[in-house]
Amino acid sequence: MNNFNPNSPVIRTEDPRFLKGSGQFIDDINLTNLLYGHMLRSPHAHANIVTIDVSVAKAAPGVADVFTGADYLEAGFGEMPHNTVAMPTFDPEKIYPAKHYPLAAERVRYVGDGVAFIVAETKAQAQDAAELIDVEYKILKAVVGPAHAISKGAPLVRDDCPNNIAYEFHQGDIEATDKAFAAASHIVKHQIRINRLTASTIETRGVVADYNPETKFTTVHLPTQGAFGARGILANRIFNQPEENFRVITGDIGGSFGMKGSTYSETPLAVWASQKHCRPVKWVSDRAEAFVSDNHARDKVVNAELALDDDYNFLGLRVHSIANTGAYYSTMSTFPIIMSTSGLAGTYKTPTIHYHATAVFSNSNPMSPYRGSGRPDAGYIIERIIDIAARELDVDPAELRQRNLIAEDMMPFKPALGPSYDSGHFPKNQEVALAKADAEGFEARRAEAQERGKLLGLGMGNNVEGSAPPGQEWAKLGINEDGNALLYAGSTDQGQGHATMYTQIICEHLGMRPGQVRIFEGDTGILEKGFGSGGSKVSGLGGSAVFKTTGMLIEKGKKLAAEHLEAAKADIDYADQTFTVAGTDRSITFTELAKSAKEEDLTAVGTHKTSAPTFPSGCHICEVEIDPDTGGVEVKRYIAVTDVGKSINPTQVEGQIKGGIVQALGQVLSENIAYDADTGQLLSGSYMDYAMPKAKDICFIETYDNPSSTEVNPLGVKGAGEIGTGCAVATIVNALVDALSPLGIHHIDTPATAESIWRCIQSTK
């Protein structure tokens, strides 16, 4: 039992079920009398719909219905949702009001835009019917890249939206920053291109909607990060029906990384079809469809400037980001643009920072948060510009960072942007990482590689991010007649291993065995409330809510035990599922109490609310070797020193950090969503062209824990799911540039593929 307590490297309890094929994913939902949905998507990036004829398709074998954009507008349903970040300097009213409906009625704005939704007896029949729909398009000029979108004479995604600017956002003191630059001895400038990515989750998106005409109740099986949020959107913003008429069940989710946090067009269309035909409707994406219909991420052009004094102290930072928001707003599209501010200060005591973001429309997929929701972009920007400054000023990159790091005795520290850091060991993170990486011995290793005709590079990066943003989470814990603990948690698991973490907390505080704990998540039918998952918040918010319920449950148990044992409550001790009168052998177990107690007597409801984020931090060092003849990259060593506060499960934390690093590796070396600049056609619509990293592409990742305490939550934990990515992008790029620097190459944009590296090398000859 004790080996299941927090801070124990426990193997995930969820895994045996998944490994045996017993998971319940969206494509496993097969209901009686099922109809299948299929989306007809635009083959053009930008075009007016002149006519659409669905008559032949409607008459095709097995077809139950065909919905068009005109049908949707006639039905009077609501627009697709768009949420905004609450920021003092951001006025949502100034956002261009881009209307978005599940189906385009007059104009398509990206390849993959929905034109018609077909429901049929089989999936094949729905697909066949789609080919019978006759759509006449008037093709328009398209624009895809963020910088191109605001260039002079660029095609307009919306005729009445000047320069394709969706909105602009400023954060920081612009006057103070300008003064800092005016007084600076050194100013370093650089433009950084952040490539476009897709989450490419192991499970594609899908939905199964099941309407009961007798109860007027709709059950929606939907892999989403927030069941209650999705229910609220369907009820309040689209169908104008009571929330009580909907039940959203998430089931098992094969990954999300932020992408499945939005509500997509197929969900209300499946619900509409089910309510109309009084039959369940299922739609599941295949991989090719995912590339053109999932929300994408990143895709920015950033101009960064760093001001320094004679002693190389940072005086100020200016950043202007041109961020692609795609053809439409997604549910969470503003988040990765605006939340970049919380990471720009990094681990440094830069006195003043000004951030200016220009969000632009383009004829491409809408954008969503993706592992870090803009914060890895911020970490990349600051760590990259520091390395560039070090090279221009001929200063050791580690020394330049060390000079400007926030010292431990300066905590709590208010950075130039974002909320105050409550804790962190930033200098020690770097010190430990350099020692573990044997940075002093690097030049000897570089010389040895050079003798072999290879280019060796060492890169580093520091990072701190605001995770678990202010918010709350709910949990209910009870003991049933068998003495087992039943936990109902408001969070939603997308593969992180919530059940294992929650079980560890319950086992520690209630003295239970793992087999006695059952976890329920992601179902609005059995939960009272819940705020889902995102922003690395579950351990801090959800875990703390569960922790509170254990204490409340023990207190309730002591009260009941005192009555049974005819003793004062103050004299009741609790340990290992047993209540004992202090100093006696009189006792009663939780199981015995539960057999005679009312359910509410042994049920506790807890909510944990925070007004400040936690601040995980880290320092990464990467060593890469480049073959100059091919441009091929081999990651030789990778060291990650991380502060995530108290680790409930070190094994899971390590997995989260390593997973984040590998995702960053994919971004840096291979992954790239590419469009034809003239037509807006997707050029990387399969794994033949969109190169996911493989196991062979990464070495063994060495992880080291350097925790600092936090009092933001009672467990002392900090988010771990995104800090790995936030550190790794800059670290790997800095290593590549260091390897290439003897050839006079001082920057390379991502993805730094073997071909692009080879071309850079050839350009120096």
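Please treat every number below as a calculation from the coordinates, not as lab data. Every value quoted in this text rests on a predicted model; they were computed, and no experiment measured them. Neighbour counts run over all protein chains shown; Cβ positions are idealised from the backbone, glycine included.
Here are some notes:
- The length gained on full extension between residue 15 and residue 559, counted as 0.36 nm times the residue separation minus their Cα-Cα distance, comes to 192.1 nm.
- Fully extended contour minus Cα-Cα distance, from residue 691 to residue 277, at 0.36 nm per residue: 144.9 nm
- For the peptides 343-356, 317-330, the ranking by mean Cβ contacts within 10 Å, running from highest to lowest, is 317-330, 343-356.
- What separates the Cα centres of region 732-746 and region 168-190 is a distance of 27 Å.
- Sparsely packed loop sites in region 376-466 (the trypsin sites (Lys or Arg not before Pro) outside DSSP H, G, I, E and B with at most 14 other Cβ atoms within 10 Å) comprise 452.
- Separation of region 28-90 and region 308-331, taken as the distance between their Cα centroids, equals 37 angstrom.
- Built amide H within the under 5 Å cut-off of residue 116, gap 5+: 40
- Helical segments meeting 24 Å axial Cα length and Kyte-Doolittle 1.0 threshold in the chain (DSSP H): 723-740
- In region 1-89, the GluC sites (Glu not before Pro) that fall in loop regions by DSSP, at most 15 other Cβ within 10 Å: 79
- Sequence-distant aspartates and glutamates (8 or more away, or on other chains) whose Cα lies within less than 16 Å of residue 476: 521, 523, 528, 555, 599, 600, 601
- Sequence of 67, 257, 615 once ranked by neighbouring C-beta atoms within 10 Å, starting from the fewest: 67, 257, 615
- From largest to smallest, the equivalent ellipsoid semi-axes obtained for region 128-274 from the alpha-carbon gyration tensor read 42, 24, 17 Å.
- Too-long pairs where the Cα-Cα distance tops 25 Å, listed order kept, from 414/436; 658/694; 694/765: 414/436; 694/765
- Loop-located trypsin sites (Lys or Arg not before Pro) in region 591-683 (DSSP state other than H, G, I, E, B) with a sparse environment of at most 12 neighbouring Cβ atoms within 10 Å: 598.
- Stretching the chain fully between residue 96 and residue 30 yields a gain of 19.7 nm (0.36 nm per residue, less the alpha carbon separation).
- Ranked 622, 727, criterion: other C-beta atoms within 10 Å, fewest first: 622, 727
- Pairs of Cα atoms nearer than 8 Å and 6+ residues apart set the relative contact order; for the chain it is 16 percent.
- Beta bridges by DSSP in the chain, antiparallel share as percent, to the nearest 5: 80
- Here region 98-131 is scanned for amide nitrogen atoms under 16 Å from the site 7 Å beyond the Cα of residue 138 along Cα-to-Cβ, giving 105-109.
- For the set 260/529; 179/349; 529/646; 138/276, the pairs lying more than 24 angstrom apart at their alpha carbons are 529/646; 138/276.
- Rounded to whole Å, sorted largest first: equivalent-ellipsoid semi-axes of the chain, Cα gyration tensor: 42, 39, 23
- Exposure proxy ranking, count of Cβ atoms within 10 Å, fewest first, for 178, 210, 576: 576, 178, 210
- Put simply, when 711-721, 563-573, 696-706, 529-539 are sorted by average Cβ atoms within 10 angstrom per residue, most first, you get 529-539, 711-721, 696-706, 563-573.
- With the convex hull constructed from alpha-carbon coordinates only, region 1-140 shows a mean projected area of 15.7 nm² over all directions.
- Pairwise Cα inverse-distance average, inverted: Kirkwood Rh of region 615-713 (Å): 16.0
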